[in-house]
Amino acid sequence: MSAHLRGVKPPLSADKDALTKAPPVPKHLSKHAAAEWKRIMPQLIARRVLTKADLGGVENYCVMAGTVRQIADDQAAAGGVIDLKMMGLSIRCAQTARQLAAEYGLSPTSRARIGATQAEDDDDDNPLTVR
């Protein structure tokens, strides 16, 4: 019997063409989007899963995350008054950002899928370890 794999993403692994140095922040990014670029880029470079071909998707992720933050800032500046149209846009941008984040291992579940988390302790020195 075959296992049902529909919707299951294949595991990511280091790419032979992976970038080894973070590219500069694209000039067209907003303040919030640029901050997100600077926050995530070191992680992506360290995991060696990002190539030049992926930069457009990473830019899109940063734009979506930046838009969510900008809408939140605008709402706070308006004294907390909620604009339903802007909240709808914020929800859609947050959903898109979450989906793109999963593609690049930026969520806890996707990091576990790519094996990016490190074991906390190997229990070699624990006398109660069951072997």
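The values are calculated or read from the model by the stated rules, or taken from the named source; none is laboratory data. These numbers were taken from a predicted model, which means no experiment stands behind them. Please note: Cβ atoms are built from the backbone with ideal geometry, for glycine as well, and neighbour counts cover all protein chains shown. The accessibility values were calculated without ligands, DNA or RNA, using every heavy atom of the protein model including side chains. Shrake-Rupley method; radii C 1.70, N 1.55, O 1.52, S 1.80 Å.
Just to be sure, is Leu89 modelled with pLDDT under 95 and of a type in the set (A, V, I, L, M, F, W, C)?
No: the conditions fail for Leu89.
Could you tell me which of the residues Asp15, Asp73 is of a type outside the set (Phe, Trp, Tyr), at pLDDT below 95, on the phi < 0 side of the Ramachandran plot and out of contact with any Cys (no Cβ under 9 Å at 6 or more places or on another chain)?
None of the others qualify; the one that does is Asp15.
To keep it simple, each residue is scored yes or no on (1) closer than 19 Å to Thr20 by Cβ; (2) of a type in the set (A, V, I, L, M, F, W, C); (3) touching a strand residue (DSSP E or B) at 6+ places or on another chain (Cβ under 6 Å); (4) modelled with pLDDT of 95 or more.
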site	(1), (2), (3), (4)
Ile45	yes, yes, no, no
Arg48	yes, no, no, no
Cys93	no, yes, no, yes
Ala102	no, yes, no, no
Ser107	no, no, no, no
Asp125	no, no, no, no
Arg131	no, no, no, no
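Out of the residues in the stretch 66-96 that are within 24 Å of Trp37 (Cα to Cα) and of a type in the set (Lys, Arg), state the one that is most open to solvent (accessible area, probe 1.4 Å).
Restricting to residues being within 24 Å of Trp37 (Cα to Cα) and of a type in the set (Lys, Arg), the top hit is Arg92.
Taking the stretch 31-71 only, how many residues are in contact with a helix residue (DSSP H, G or I) (Cβ under 8 Å, 6 or more places away or on another chain) and either in contact (Cβ under 8 Å) with a residue 60 or more places away in the chain or among the aromatic types (Phe, Trp, Tyr) (or both)?
Qualifying residue count for the region: 6.
Which of the residues spanning the stretch 48-58 are assigned to a helix (DSSP H, G or I) and either open to solvent by 50 Å² or more (accessible area, probe 1.4 Å) or touching an Asp or Glu at 6+ places or on another chain (Cβ under 6 Å) (or both)?
Of everything in the stretch 48-58, those that are assigned to a helix (DSSP H, G or I) and either open to solvent by 50 Å² or more (accessible area, probe 1.4 Å) or touching an Asp or Glu at 6+ places or on another chain (Cβ under 6 Å) (or both) turn out to be Lys52, Ala53.
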